[in-house]
1. Accessible area per residue for segment 592-680 in Å², computed with a 1.4 Å probe and the full protein assembly in place, what is it?
2. With the cut-off at 28 Å, tell me which of the pairs Lys363/Lys506; Lys84/Lys128; Lys569/Lys755; Lys363/Lys745; Lys368/Lys575; Lys90/Lys151 have Cα atoms farther apart than that.
3. What's the carbon and sulfur percent of segment 277-332's accessible surface, probe 1.4 angstrom, rounded to a whole number?
4. Mind pulling the angle between the C-alpha long axis of helix 266-280 and the longest principal axis of the chain? Nearest 10 degrees, somewhere in 0 to 90.
5. Just subtract the alpha-carbon distance of Arg567 and Ser48 from 0.36 nm times their residue separation and send over the number in nm, one decimal.
6. Within segment 662-729, report the trypsin sites (Lys or Arg not before Pro) that DSSP leaves as loop and that have at most 13 other Cβ atoms within 10 Å.
7. For the Cα atoms of the chain, what angle does the longest principal axis make with the long axis of helix 166-177, in degrees from 0 to 90, nearest 10?
8. Give me the percent relative contact order of segment 509-617, please, defined on Cα pairs under 8 angstrom at least 6 residues apart.
Amino acid sequence: MEKYETYENYEDLLLNVDNKYPLVPLSDAVVFPGHSLSFSVNDRNVVSALLAVANEDREVFFATFTKANALNGRVEGIVGTVAKIRQIIKNSSGGLNIIAHGRKRMQISGYIEGSPYGKVELCDFSSKDEDPFVLEATKNAIISAYSRVTKYIPKLANKEVDLTDIDSFIGESAGNFYSSTDERYKLLATPSRTEQLNDVLLHIENKCRVLSLQRDIESKVRNSIDKNQREYYLREQIKVLHKELGDDTDEINEYREKLAKKVLPDFAREKAEKELSRLSKMPSSTPESAIARSYLDLILELPWTEEGNADINLNDVRRILDQDHYGLEKVKLRIVEYLAVCSLKKDMKAPVLCFVGPPGVGKTSIVKSIARAIGRQLVTVSLGGVRDEAEIRGHRRTYVGALPGRIISGLRDASVKNPVFLLDEIDKMTSDFRGDPSSALLEVLDVNQNDKFKDHYLEMGFDLSKVMFVTTANSIEAIDSPLLDRMEVIEIGGYTYSEKLAIARKYLLPKQCDANGVKLSSVSLSDEAIIRIIRRYTRESGVRNLERQIGSVIRKIAVKLLDNPRRRKFNVTEKNLFKYLGKEVFSEDVTSDKNEVGVVTGLAWTSYGGATLDVEVSVLPGGKGETRLTGNLGDVMKESALTATSLVRARAEEFGIDPTVFADSDIHVHVPEGATPKDGPSAGITMATAIASALSHKSVRGDVAMTGEITLRGKVLPIGGLKEKSLAALRAGKTSLIVPKENEKDFDEIPAEVKERVTIYPVSTIDEVFGLAFV
């Protein structure tokens with residue numbers, strides 16, 4: 001036969017041969033002279049030929065047909081081995097298991113077809129002349145290399161190298177150090193013994209390097225892990241050998257599927273794929289893999305493109321705001337304006353709203369109403385006591401237990417990129433050696449740069465421009481100026497008695513009845529009783545404590561309902577209120593209405609609303625002309641007292657005061673409730689009036705309250721918190737209120753209830769104050 005294409009054409013090689021050596025073609029085994037080889041044959045034609053040869057007990061010629069020598073289409077020139085078959089055993093697959101011993105290496109010179117096997121004419125395989133010195137040196141090199149490789153292969157450890165029979169050594173080496181049939185055939189077909197030994201030496205050295213490297217890697221792996229962590233050790237071995245664990249593969253594939261489905265920006269996808277590649281190469285039990293998983297989970301859970309409801313219905317907004325809150329008309333109007341602009345201009349960089357007011361006036365609840373009105377997720381982050389910058393920006397992943405900041409964590413929980421994000425109690429943040437969270441919030445709340453907010457943990461820019469940030473605070477005094485500049489402040493003042501009564505009747509009472517399992521129809525709480533609770537059991541600008549007291553009343557009724565199930569109605573009036581709430585906590589906030597000398601009622605603003613402030617002045621004869629200030633006063637208030645003293649002294653004769661009294665008498669100014677710190681300039685006209693009254697012995701009207709800053713020239717300067725202060729004057733029973741004339745622009749903030757019962761006098765000089773205050 002001249003040509004063939006595949007090994008399935010062996011049948012064409014086994015025809016009409018009646019002499020020479022029977023040919024047994026092999027595809028995946030090479031028989032070497034001087035060496036016994038065990039191999040399997042499954043081709044049916046080769047099996048038939050071998051069985052026929054075995055019956056004749058003849059030597060055969062084994063020729064290995066590789067892809068290289070089969071391509072030329074001829075058998076002439078193929079090198080093989082004349083061998084004796086020592087054993088033939090049939091296997092379960094229908095093939096044969098053969099043990100053959102090679103005799104001599106020969107070359108095909110001709111082919112004779114036959115059946116059941118073909119025969120080949122053979123010729124001696126020509127070999128080159130060998131240089132004995134080179135051959136001997138090669139043998140010595142092999143012996144040296146062999147001694148090294150036996151350290152890594154236990155089965156060769158007790159075996160000595162015998163190079164007296166080079167053929168046997170080469171055949172044995174082919175089985176130990178060669179990995180492919182092509183390499184073994186190339187070794188068999190090499191004519192020079194020296195070249196054959198050099199090739200064997202090369203393979204021994206390569207094997208030695210591989211096994212040495214493997215041992216080094218295994219040693220490093222063992223040294224890097226705990227001896228008791230068997231699973232970890234096995235995974236490290238698999239890592240070194242570049243194999244995959246089945247359970248890890250499932251997890252990695254799950255991440256890949258999620259990543260393929262998730263819509264991500266290009267930079268985020270690139271980062272996630274890089275982290276996933278790192279995760280696939282590390283054992284699942286290492287701390288680094290847990291960090292990588294957490295990071296991938298964060299990337300996949302963040303709302304990079306997901307948005308909530310973007311449509312805003314102003315009618316729904318108005319209805320829900322009115323439904324949830326009583327009054328606050330200006331606040332509601334500003335919210336409606338804000339949402340209207342957001343609805344018209346989709347890409348608007350909306351300002352950050354900051355609701356400022358005393359506790360319990362509804363700052364947080366009105367933000368919840370905004371979220372409900374526009375149908376968006378609400379994320380609430382309380383900043384009270386936060387003093388670490390990492391709370392806002394997150395920790396870097398190099399730290400143990402690192403977490404993303406509260407902004408990114410909140411967005412992950414919301415699952416949309418345009419939620420209503422409430423930063424509660426923003427004025428309660430502090431700073432220390434760990435950083436200033438207020439400075440970190442600058443980037444968050446700056447509409448010109450928060451579209452690329454970078455969290456330290458995430459390490460990528462995230463778009464916050466579509467988030468509706470809203471903040472709350474009790475006072476803007478504690479907020480850093482740069483941060484305050486990025487927010488639009490909306491003040492929510494305290495409630496009047498009538499407003500609190502309406503809120504209690506409409507919201508608090510039904511809410512507490514529902515919370516305590518009492519039917520609203522079983523409770524009758526009179527308006528007088530509610531007003532009594534407001535005046536004698538609470539003292540606040542908001543309604544939080546009022547709600548607690550009403551809840552206490554309802555709980556007492558719940559006990560009585562169980563004790564007397566037949567009773568269906570409980571009437572709570574002003575007279576029996578003490579049975580439910582016990583003794584009154586506060587006395588009536590009414591200052592003396594008598595005309596007194598040296599005593600004046602002032603007004604103060606606190607984070608809890610307005611309060612009255614009595615200023616008392618005594619003149620102490622026989623002194624040194626000193627001014628004593630007591631009552632836990634702050635620096636600004638002390639300076640205001642000294643200014644008032646200097647003003648009265650400079651105009652003593654005008655006010656009917658003997659100037660000599662300032663030289664031989666001390667002036668003592670005291671503001672009661674010394675345990676309470678007090679500060680601010682708004683008590684200036686109050687102190688000046690009290691000092692002038694004490695020195696001139698003129699009485700001050702008891703129905704007057706006043707507030708205003710004073711200058712050395714007697715001008716009255718404007719103050720803040722007019723609404724809260726006017727409510728305090730009303731609670732104190734005052735009928736006249738003296739305020740700076742420049743505060744007339746704020747008169748529209750004063751509740752109608754105050755305007756009806758209190759006469760307001762705007763003044764611009766201390767003379768006008770004295771004219772109204774003195775009897």
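1. On the way: 4620 Å² over 89 residues.
I get 52 Å² per residue for this part.
2. Details: Lys363/Lys506 18 Å; Lys84/Lys128 26 Å; Lys569/Lys755 38 Å; Lys363/Lys745 25 Å; Lys368/Lys575 38 Å; Lys90/Lys151 38 Å.
Over 28 Å Cα-Cα: Lys569/Lys755; Lys368/Lys575; Lys90/Lys151.
3. Working: 1360 of 2790 Å².
Using a 1.4 Å probe with all protein chains present, segment 277-332 comes out at 49 percent carbon and sulfur.
4. Roughly 50 degrees between the two axes.
5. Values: separation 519, 0.36 × 519 = 186.84 nm, distance 10.88 nm.
Taking 0.36 nm per residue and subtracting the Cα distance, the gain is 176.0 nm.
6. Details: sites: Lys678, Lys698, Arg701, Arg713, Lys715, Lys723, Lys725; in loops: Lys698, Arg701, Arg713.
Within segment 662-729, the qualifying trypsin sites (Lys or Arg not before Pro) (loop, at most 13 other Cβ atoms within 10 Å) are Arg713.
7. Here the helix axis deviates by roughly 20 degrees.
8. Working: 117 pairs, mean separation 32.3, N = 109.
For segment 509-617, the relative contact order is 30 percent.
The values are calculated or read from the model by the stated rules, or taken from the named source; none is laboratory data. Quick caveat, the model's predicted, so the values are computed rather than measured. Reconstructed Cβ throughout: ideal geometry from the backbone, glycine too, with neighbour counts over all protein chains shown. For accessibility, only protein heavy atoms count, side chains too; no ligands or nucleic acids. Shrake-Rupley method; radii C 1.70, N 1.55, O 1.52, S 1.80 Å.
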